[in-house]
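Enquirer: My questions will all concern the structure given below.
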Amino acid sequence: MTERRIRIMVAKPGLDGHDRGARILSRCFRDAGFEVIYTGCHQTPEQIASAAIQEDVDLVGLSCLSGAHRYLFPRVVELLRERGGDDITVIGGGIIPDQDLQMLHDAGIKAVFTPGASLDSIVQWVRENVSVK
Amino acid sequence: MKEADKIRKGDVRTATRLIRNIEDSIPEAKTAIKHLFPFTGRAHVVGLTGAPGAGKSTLIDSLISRYRKMNKTIGALLVDPTSPFTGGAILGDRIRLQRHAEDPQVFVRSLATRGALGGLSKAAGDAIHVMDAMGKDLVFVETVGTGQQEVEVMNHVHTVVVVMIPGMGDDIQAIKAGILEVADIFVINKADREGAGRLYQELMHMLDMAGTFAGGWRPPIISVDTMFKPELFHEGVEELSTKIDEHYENLVSKNLLGSRLRRKVMAELNEALQSSILTPILRKIIDSGEMESLIEKLIKKETDPYTCAEEIAKKYLR
């Protein structure tokens with residue numbers, strides 16, 4: 001009996017060590033029936049891209065509260081493309097000012113969830129936009 | 001076979017995609033395994049098992065560093081539990097291995113149990129084959145945090161390392177059947193904690209009672225201090241890696257690899273029979289609605305499970 005499961009990597013790039021949100025979201029994805037690989041804090045974009053390829057995930061969710069998202073998020077997308085992972089969807093969350101949303105979208109970040117976004121809405125977004133490759 | 005060739009050349013994307021397809025029971029994945037099978041059997045496969053929080057991932061992380069210094073290539077398979085309620089899983093052991101993420105000679109893959117009992121996932125055996133065929137010198141397999149009898153790992157590896165921590169039970173534990181019996185090497189991790197000496201004594205006593213050991217290999221007991229004492233910790237890990245190597249050499253020199261291999265292929269055949277015979281029958285009786293009506297009859301006591309099974313066998317196995 002074939003049973004496709006959506007695999008998601010939740011990662012925190014950069015120096016920001018506040019991962020409660022990322023862990024709550026991971027748990028929430030688990031409860032939605034997804035397989036979640038959590039890679040922890042202080043990851044370089046290179047480490048995240050490499051791990052996402054090795055784990056064959058469908059989605060990478062990046063969390064950043066430090067303001068470095070303008071560099072870190074697009075860099076992950078770029079590295080995934082370089083390594084043959086251009087079919088992996090990348091989304092972001094954290095403290096992201098409205099004026100950066102367009103720039104992130106242009107860089108290939110498919111959705112950005114900022115404080116106030118409900119967990120249900122994020123799960124809903126994943127169900128609607130991510131399927132097993 | 002292109003897919004198998006790519007994997008043998010070490011292509012991570014193809015390898016990890018195949019592991020995914022095995023997990024998802026995609027029929028085509030079996031074809032790839034058929035092609036890879038002749039090229040497996042070269043890697044030394046080492047399983048680490050033990051209670052949740054015993055420090056299995058941390059030990060694997062340090063072992064990887066140690067073996068990378070010796071220029072060995074590494075595969076690591078990390079198993080974590082699937083939720084029985086939602087089917088979801090948090091695969092969190094990778095956190096401790098992330099410093100190797102950029103090393104192209106280290107391939108780490110997490111697996112969810114997806115309901116399998118025994119401490120592994122049904123896909124584990126084939127995932128080991130994939131890493132082996134990639135040319136990895138060593139493949140580490142970390143079981144789900146186990147209790148007393150998740151011994152499935154012994155069917156898939158050459159060397160079983162049982163990781164223990166002090167303070168988990170009385171002296172009857174050491175003579176029970178189960179996980180302690182399958183150990184080739186014992187590690188007492190966090191050995192600077194209270195109770196480590198007693199645990200060591202109990203394990204020694206248990207081994208003394210065992211009397212004979214296949215190939216003369218009496219499982220060594222290695223004490224490893226916590227990571228808060230880096231030097232002592234590294235000393236312990238070094239000793240562990242030496243024993244892992246010695247164990248494999250012993251298997252080879254005493255002609256014991258054959259009997260381990262027998263155990264391994266029997267388990268694999270058993271799993272293949274399950275997926276080739278039992279699973280299709282189950283699918284048929286579920287899809288046709290037969291399962292539902294059998295369940296109703298069983299609840300009303302109109303039949304019993306053995307009669308059901310005999311009737312199904314008669315119908316589908318001719």
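Enquirer: Which residue, of B:ARG109, B:ARG96, B:ARG114, is at pLDDT 90 or above and more than 15 Å from the chain's Cα centre (by Cα)?
Expert: The match here is B:ARG96.
Enquirer: Now a separate question. (1) touching a residue at least 60 places away in the same chain (Cβ under 8 Å); (2) closer than 26 Å to A:LEU80 by Cα; (3) open to solvent by less than 70 Å² (accessible area, probe 1.4 Å): which one isn't true of B:ARG13, the others all being true?
Expert: (1)
Enquirer: Is it the case that A:GLN124 is farther than 28 Å from B:THR86 by Cα, more than 14 Å from chain B (Cβ to nearest Cβ) and surrounded by fewer than 22 Cβ atoms within 10 Å (Cβ to Cβ)?
Expert: On the way: farther than 28 Å from B:THR86 by Cα: no; more than 14 Å from chain B (Cβ to nearest Cβ): yes; surrounded by fewer than 22 Cβ atoms within 10 Å (Cβ to Cβ): yes.
So A:GLN124 does not fit the description; no.
Enquirer: Sticking with this structure for a sec: If a residue has to be more than 12 Å from chain A (Cβ to nearest Cβ), assigned to a loop (DSSP other than H, G, I, E, B) and hydrophobic (A, V, I, L, M, F, W, C) to count, how many in the range B:86-125 make the cut?
Expert: 3
Enquirer: Could I ask something else about it? In the list B:THR31, B:THR16, which residue meets the criterion of being more than 22 Å from B:TYR248 (Cβ to Cβ) and facing chain A (nearest Cβ under 10 Å)?
Expert: Numbers: B:THR31 fails: facing chain A (nearest Cβ under 10 Å).
One residue alone meets the criteria, B:THR16.
Enquirer: Also, quick follow-up: When you scan the range B:168-177, do you find a residue that is modelled with pLDDT of 80 or more and out of contact with any helix residue (DSSP H, G or I) (no Cβ under 7 Å at 6 or more places or on another chain), even just one?
Expert: So the first thing to find is which residues in the range B:168-177 are modelled with pLDDT of 80 or more, and the list is none.
No - not one qualifying residue is present in the range B:168-177.
Enquirer: Can you name the number of the only condition in (1) in contact with a Lys or Arg (Cβ under 6 Å, 6 or more places away or on another chain); (2) modelled with pLDDT of 90 or more that B:ASP245 fails?
Expert: Of everything listed in (1) in contact with a Lys or Arg (Cβ under 6 Å, 6 or more places away or on another chain); (2) modelled with pLDDT of 90 or more, B:ASP245 misses just condition (1).
Enquirer: In the range A:72-98, which residues are loosely packed, with under 14 Cβ neighbours inside 10 Å and more than 17 Å from A:PRO115 (Cα to Cα)? Give the steps one after another, and end with the answer.
Expert: Filtering the range A:72-98 down to residues loosely packed, with under 14 Cβ neighbours inside 10 Å leaves A:82, A:84, A:86-87, A:97-98.
Of everything in the range A:72-98, those that are loosely packed, with under 14 Cβ neighbours inside 10 Å and more than 17 Å from A:PRO115 (Cα to Cα) turn out to be A:GLU82, A:GLY84, A:ASP86, A:ASP87.
Enquirer: For the range B:280-295, which residues satisfy the criterion of being among the acidic types (Asp, Glu) and either open to solvent by less than 90 Å² (accessible area, probe 1.4 Å) or within 14 Å of another protein chain (Cβ to nearest Cβ) (or both)?
Expert: Pass one, the range B:280-295, residues among the acidic types (Asp, Glu): B:287, B:290, B:292.
Of everything in the range B:280-295, those that are among the acidic types (Asp, Glu) and either open to solvent by less than 90 Å² (accessible area, probe 1.4 Å) or within 14 Å of another protein chain (Cβ to nearest Cβ) (or both) turn out to be B:ASP287, B:GLU290.
Quick grid of which residues meet (1) more than 23 Å from A:HIS69 (Cα to Cα); (2) modelled with pLDDT of 90 or more:
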position	(1), (2)
A:MET1	yes, no
A:VAL10	no, yes
A:HIS18	no, no
A:SER26	no, yes
A:ARG30	yes, yes
A:GLU35	yes, yes
A:GLN43	no, yes
A:GLU46	no, yes
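Enquirer: Please report, ordered by residue number, the strands (runs of 3 or more DSSP E) entirely within the range A:1-110 with at least 1 residues that are more than 28 Å from B:MET131 (Cα to Cα).
Expert: Working: elements: A:7-11, A:35-38, A:59-64, A:89-94.
Of the strands (runs of 3 or more DSSP E) lying wholly inside the range A:1-110, those with at least 1 residues that are more than 28 Å from B:MET131 (Cα to Cα) span A:59-64, A:89-94.
Enquirer: Is there a residue in the range A:62-71 that is at positive phi and within 14 Å of chain B (Cβ to nearest Cβ)? Before you say what the answer is, go through the steps one by one.
Expert: Narrowing the range A:62-71 to residues at positive phi: A:67.
The next check asks that each one be within 14 Å of chain B (Cβ to nearest Cβ); those that pass are none.
No, the conditions are met nowhere in the range A:62-71.
The values are calculated or read from the model by the stated rules, or taken from the named source; none is laboratory data. If you're wondering where the values come from, they're calculated on a predicted model, not measured in any experiment. Cβ sites come from the backbone with ideal geometry, for glycine too, and all protein chains shown count toward neighbours. Heads up: the accessible areas ignore ligands, DNA and RNA and are worked out on the full protein's heavy atoms, side chains in. Shrake-Rupley method; radii C 1.70, N 1.55, O 1.52, S 1.80 Å.
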